[in-house]
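Q: Take a look at this one; I'll ask things after.
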Amino acid sequence: MTANQADVIYFGGDIVTVDADEVAPPEAVAVKDGTIVFVGDRAQALDRWQGADTILRDLQGGALLPGFIDAHSHLGGIGLQATIANLLAEPDGDVTDIRSLQDKLREFAESETGQDSAWIVGFGYDDAMLAERRHPTREELDAVSTDKPVLAIHQSFHLGAVNSKGLEMLKYTRFTPNPDGGVIRRRLPIKETPPCGEPNGVLEETAFTPASNQAIAGLSALAQAGLVAKGLKAAATFGFTTMQEGGTSLDNLAAFRKAAEQAPFALDVVIYAKADEATAAPGDPVEVGQDYCGGLRAAGIKLFLDGSPQGRTAWLTKPYKNPPEGQEADYRGYPTTTDDEVLRQVRRGFQEGWQILAHVNGDAAIDQFIRAVETATEEYGPADRRIVAVHAQTARQDQIEAFKRLGIIPSFFSMHTFYWGDWYRETVLGEKRAENISPAKWALDRQMIYTSHHDAPVALPNSFRVLASQVTRITRSGRHILGPEQRVSALDAVKSITINAAYQYFEESAKGSIQVGKLADLVILSSNPLTIPPEEIKDITVTETIKAGKRIHPPATGDHEHHADTVSAPFEFHGHC
C-alpha cells in the first residue's frame, strides 16, 4: 500500500462531523491505519487517497457520524441483562403484570443457565408498568420456587423483591433492623417498636445490595465470564465505540484488567472504582491513566449519594407526591452516605488525581455533593478535574449554576422523560416538578457542556432513545411532552454522546468528532438524526459500527469476536445504577 493510499473512503450520504469549525458539510471521509486522514470534497478524496486496495464505501443515503461515546453505564450489567430473565415492560420486553413476571422467572429457572444458577433471578420489572402498580411480594415469588432463592430486580437496580428462601439466605427476619442507607420493607401494619416487623420481600438500596451480589455470584462461572462479551456486543449494535463500567469493586477492576490482557476489547472501556472501597485502600488502588491497555483504562472513582427517583429512594428536599407504602406524607427519600464520608471520598479523589463521578438523583443529594466539592476545591485549589454529576435528575437552577462555577459536568439520564415521565407526573413529583427533570436546556442556556447516557442495564444501551428523549421529551404513554422548554436540538443531543462525552473523558483531542488526525471511531446510521422529523429519531438503526477503522458491527464473516470468557474471576455488579 502506498503512503497516500487510504484503507477506506466513505461517501454517498450525510456526514455529520460535529466539528465546530466546519465550513461546509463534507462529501467524503478517508481513513488510513485507524485514523481519519481526510475530510472534505469527494473528488479530492478520490484523487489524493484512492489506491488499488482502497475500499470505496458508499453510504447509500445513510449518515456517517462519530462513534457514540457512553457517558455512563455498567458494561457488565448489560451482559447480565442479556443473561438472566428479562422482566422489562414494552418496548424492551413484554412483562405486563405479576403473573407474566412469574412466568419469565420460571422460564429462566428451566433454562440451562437457570439450572446452573444458585438463584432464580430476573431484571427489569417496573412497578409503574405492572398492572398491579406495586412490587411483587415474597409470597408471589414463593409461587415461582420455595426450594431456590428468587430475586426480581427492579429496573432502577436500586430495589428488588425476594422470596422467603431469599430472605432466609440473607438472614433478614422480623428482628433485623434496616441497614444504614437502606430499607427492608415490612408487612403492614407494623406493630413492633422500633419499626422492624416481618419482611414483605421488597428491599431498598443497601438492604437490596447483598441480594443482588449473592444472586449474581450464584451464576455459573461460565455465565459470569461471558457477561462482558455480551455487554460489548450489545453496545456495538447501538453504535457505541467507547463504553463505561461505572462504579465497580477493586476485585472487579482487577478482573477487567485480566480480561483485557487475555483478549483485548473490541471497544474502548473506561472504568471507575467504587469510591468507598478505593478511598479506604492504601496507596493508589485505581492506577488511573489516559492510555488504553487492551481497550481498557481506569479513570477514577464513583460515589453513591442516594437512590432512584422512580423507585422513590432518591433524596429530595421536598416530599414525594405519593410516598411509598408505609412511609409518612413528608417522606423525601434518604441519603446513602453521610456528609463526612462524602467529603472524605472527594478529598481523596482530589489528592490522588482521580476523576470523580457521583451518583446524585435527588436535589438534596446534589446539595450534599456540591458542598463537598466546594470544600475540597477551597482546600486544594481549582483545577481541570471534570467532575461529573451522574443523573442529576432533579437539579435545580441554582445547582446548575453551582455546577458551572465548580466545573462539574452534568450527565443527565434523559431517558427518564420517556420511560418514567408519566410516573413522575402521577406519583413521584407531580406535574409541575416533573417538567424539569433532566434539565439539559438549563445547562445549554449557561453555555455549559453536558452529556447524556443510557445507564444500561437500567435501560437498553439504545443510543437513539438517548437522542429522542432529549429532542422530544415524549413520555412512554405518548400523552405528554414532559417540559417542552427543556427540549434541545438534535445537534445538541448528538453532541451529548459524541464530542461532549469525549470531553468528559479528557479525550476530545482523539475522539468525538470527524476531523483529520482523530481516531476513525465511526457509526453509519440508516438516517440522519439532524434532518428527519424528531419523532422518527427513535426508529433509526445502526448499519455499521467502526472502531479505529475496523468494522465491529456487524462482524465480518470469519471475524473472531473479542471475548472475556477465559477470565476465571467472578464479576460483581452493584445496585446503584
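The values are calculated or read from the model by the stated rules, or taken from the named source; none is laboratory data. Keep in mind that this is a model prediction, so the values were computed, not measured. Quick reminder, even Gly has a Cβ in these numbers, built from the backbone with ideal geometry, and neighbours come from all protein chains shown. Calculation scope for accessible area: heavy atoms of the full protein, side chains included, ligands and nucleic acids excluded. Shrake-Rupley method; radii C 1.70, N 1.55, O 1.52, S 1.80 Å.
Q: Gly430: net charge of surrounding residues, Cβ under 14 Å, Lys/Arg +1, Asp/Glu -1, itself excluded? Intermediate results must be reported in sequence, preceding the final value.
A: Values: positive: Arg312, Lys318, Lys321, Arg332, Arg425, Lys432, Arg433; negative: Asp422, Glu426, Glu431, Glu435.
Charge balance near Gly430 sits at +3.
Q: Additional query: Local charge sum around Val488 (other residues, Cβ-Cβ under 14 Å, Lys/Arg +1, Asp/Glu -1)?
A: Numbers: positive: Lys441, Arg446, Arg473, Arg487, Lys495; negative: Asp445, Glu485, Asp492.
Here the charged neighbours net out to +2.
Q: If ligands, DNA and RNA are left out, what is the accessible area of Glu277 with a 1.4 Å probe, given in Å² to the nearest 10?
A: Approximately 70 Å² of Glu277 is accessible to the 1.4 Å probe.
Q: What is segment 32-181 by shape, rounded, prolate or oblate, if you read a ≥ b ≥ c off the alpha carbon gyration tensor as root eigenvalues and call it rounded for a/c under 1.5, prolate for a/b larger than b/c, and oblate otherwise? Don't skip to the end; give the middle numbers.
A: Values: a/c = 3.17, a/b = 3.00, b/c = 1.06.
Here segment 32-181 falls in the prolate category.
Q: Using amide H atoms built in the peptide plane, which far-off residues or other-chain residues are under 5 Å from Thr35 H to H?
A: Those qualifying (amide H under 5 Å, at least 5 residues apart or on another chain) are Ala520.
Q: Right, here's the next one. Of the cross-linked pairs Lys104/Lys432; Lys165/Lys258; Lys230/Lys538; Lys171/Lys302, which ones have a Cα-Cα span greater than 32 Å in the structure shown?
A: Numbers: Lys104/Lys432 37 Å; Lys165/Lys258 35 Å; Lys230/Lys538 23 Å; Lys171/Lys302 29 Å.
From the list (Lys104/Lys432; Lys165/Lys258; Lys230/Lys538; Lys171/Lys302), the Cα-Cα distance tops 32 Å for Lys104/Lys432; Lys165/Lys258.
Q: Using the Cα gyration tensor of segment 235-385, with a ≥ b ≥ c the square roots of its eigenvalues, what is the shape: rounded (a/c below 1.5), prolate (a/b larger than b/c) or oblate (neither)? All intermediate terms of the calculation are to be shown ahead of the outcome.
A: Numbers: a/c = 2.39, a/b = 1.49, b/c = 1.61.
Cα axes put segment 235-385 in the oblate bin.
Q: Among DSSP beta bridges whose residues both lie in segment 95-246, state the antiparallel percentage, nearest 5.
A: Details: 10 of 15 bridges.
Counting DSSP beta bridges with both partners in segment 95-246, the antiparallel share is about 65 percent.
Q: Just need the Rg to Rh number for the chain, please, alpha carbons only, Kirkwood Rh.
A: On the way: Rg = 23.5 Å, Rh = 24.2 Å.
Result: Rg/Rh = 0.97.
Q: What list of ³J(HN,Hα) values in whole Hz, one per residue of segment 64-80 in order, does the Karplus curve 6.51 cos²θ - 1.76 cosθ + 1.60 (θ = phi - 60°) give from phi, with Gly and Pro shown as x?
A: For segment 64-80, the Karplus curve yields 9, 10, x, x, 6, 10, 6, 7, 5, 6, 9, 4, x, x, 5, x, 4 Hz.
Q: Find which of Gly295, Gly333, Pro323 sits farthest along the positive direction of the dipole of segment 274-355, computed with +1 on the beta-carbon of Lys and Arg, -1 on that of Asp and Glu, about the Cα centre.
A: Farthest along the dipole direction, towards plus: Pro323.
Q: Mind checking the full-extension length gain between Ala131 and Asp339? Use 0.36 nm per residue of separation minus the Cα-Cα distance, one decimal, nm.
A: On the way: separation 208, 0.36 × 208 = 74.88 nm, distance 3.91 nm.
Here the answer is 71.0 nm.
Q: Report the local net charge at Pro319: Lys and Arg +1, Asp and Glu -1, summed over other residues whose C-beta lies under 10 Å from its C-beta.
A: Working: positive: Lys318, Lys321, Arg332; negative: Glu328, Asp330.
Around Pro319, the surrounding residues sum to +1.
Q: A further question follows. Carbon-plus-sulfur fraction of the accessible area of segment 409-560, 1.4 Å probe, in percent?
A: Values: 2660 of 5080 Å².
In segment 409-560, the share of accessible area belonging to carbon and sulfur is 52 percent.
Q: Just the number, please: percent antiparallel of the DSSP beta bridges in segment 237-370, rounded to the nearest 5.
A: On the way: 1 of 18 bridges.
DSSP beta bridges in segment 237-370 are roughly 5 percent antiparallel.
Q: So how exposed is Lys550, as accessible area in Å² (1.4 Å probe, rounded to 10)?
A: Its heavy atoms expose roughly 110 Å² to the probe.
Q: Something else: With a 1.4 Å probe and every protein chain left in place, tell me how much accessible area Thr394 has, in Å² to the nearest 10.
A: About 20 Å², ignoring ligands and nucleic acids.
Q: Right, something else. Roughly how many Å² is the accessible area per residue of the chain, as a whole number, for a 1.4 Å probe? The partial results should precede the final answer.
A: On the way: 21410 Å² over 577 residues.
Here the residues of the chain average 37 Å² of exposed surface.
Q: Please give the charge dipole size of the chain, origin at the Cα centre, charges +1 on K and R Cβ atoms and -1 on D and E Cβ atoms. Round to the nearest 20 debye.
A: Numbers: 55 positive and 78 negative charges, 137 e Å.
With Lys and Arg at +1 and Asp and Glu at -1, about 660 debye.
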